[in-house]
Amino acid sequence: MSTSFYDDRFTRRRITVDDGIGIHLVEGGEGPPLLLLHGYPESHVMWHKVAPALAAHFRLVIPDLRGYGDSDRPAGDAAHATYSKRRMAADMAQVMTALGHERFSVAGHDRGARVTHRLLRDHQQRIVKASVMDVVPTLDVYEATDITVATSYFHWFFLIQEGGLPERLIAGDPGFLLDWACDRLCVDPAAIGPEEREEYKRWFVLTETIHATCEDYRAGATIDLEHDRADRDLKLTVPLLVLWGAHRLVGKRFDPLA
């Protein structure tokens, strides 16, 4: 269990979803419910600097996605469905039901934004408002892949390789990969300090975590694309705030509002 990055307004919970997987989360604050979803290679700790301010206005639910942090890390399956964004979105919908929140808002960054995309598609009737940060839909990324995308998102194409290749290579020095990701994928690497990095490394170095996070990306290159193609024309009626960095890939390569 992680050292707490949250004050005494927040409590830890563990909720078991319908396939038996335990989802770890922290919750706290007063107001309408807001679900916050982290990215790779992070956990609920990602939000700890902004959570105190948000807690003055919202009842925050801040989970670890399956495979990350202190949530369970099931083995993947041949279809990669265990880590599909549909499965992860179902986890989050069930967590919010268990906490008594029939309708809620959601904000997601990176992988969490991709889960947010799927929540909006599969559970739109439950979403009050949503925000996605620094992503465009996965299908659009793959369809637009060129040298700029391939070099900026190099880890996408590494982590999806089958046969245990990335797992074996990452296991040689997982802490190096985590530091590399923090240094290369952040505009300001210092924003993720030594304490946060050590907390992420606590669980990122585990064999089961390495496999789970690879499966997350494999799902993104397979079953998630099938789901995204099937409902590509679905129109959203939920108010949506889209944020991205002008100097990162999304801002340089895509028009997120197109």
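Which Rg and Dmax, in Å, describe the Cα atoms of region 10-253?
16.9, 47
Over the Cα atoms of region 1-80, each weighted equally, I'd like the Debye log10 I(q)/I(0) at q = 0.13, 0.14, 0.20, 0.25 Å⁻¹, rounded to two decimals.
The Debye formula, applied to the Cα set alone, gives -0.40, -0.46, -0.86, -1.22.
Restricting to DSSP H runs of at least four residues, report the calculated mean residue ellipticity at 222 nm for the chain, -39500 (n - 2.57) per run over all residues, nearest 500 deg cm²/dmol.
-11000 deg cm²/dmol
Strictly greater than 22 Å: what percent of every Cα pair in region 17-129 meets that?
Considering region 17-129, 25 percent of its Cα-Cα pairs are separated by more than 22 Å.
Nearest 5 percent is fine: what portion of the DSSP beta bridges confined to the chain is antiparallel?
40
Return the lysines within reach of residue 235: Cα separation strictly under 21 angstrom, same-chain partners fewer than 8 residues apart disregarded; answer none if there are no such residues.
85, 129
Evaluate region 68-204: find the radius of gyration of its Cα atoms, find its Kirkwood radius, and give the ratio Rg to Rh.
Here Rg/Rh amounts to 0.97.
What does region 159-258 give for Rg and for Dmax, in Å, if only its C-alpha atoms count?
Here Rg and the maximum Cα pair distance are 16.9, 46 Å.
Provide the packing ranking of 185-196, 109-120, i.e. peptides ordered by the mean count of other C-beta atoms within 10 Å per residue, highest first.
109-120, 185-196
Taking the highest mean first, how do the peptides 240-248, 212-220, 134-142, 60-68 order by number of other beta carbon atoms within 10 angstrom per residue?
So the peptides 240-248, 212-220, 134-142, 60-68, ranked by packing, come out 60-68, 212-220, 134-142, 240-248.
About its Cα centre, how strong a charge dipole does the chain have in debye, to the nearest 20, once Lys and Arg get +1 and Asp and Glu get -1 at the Cβ?
540
Here, each number is a calculation from the coordinates, and none is a lab measurement. What you see is a predicted model; the values in this text were computed from it and never measured. Cβ: placed from backbone, ideal geometry, glycine included. Neighbour counts: every protein chain shown.
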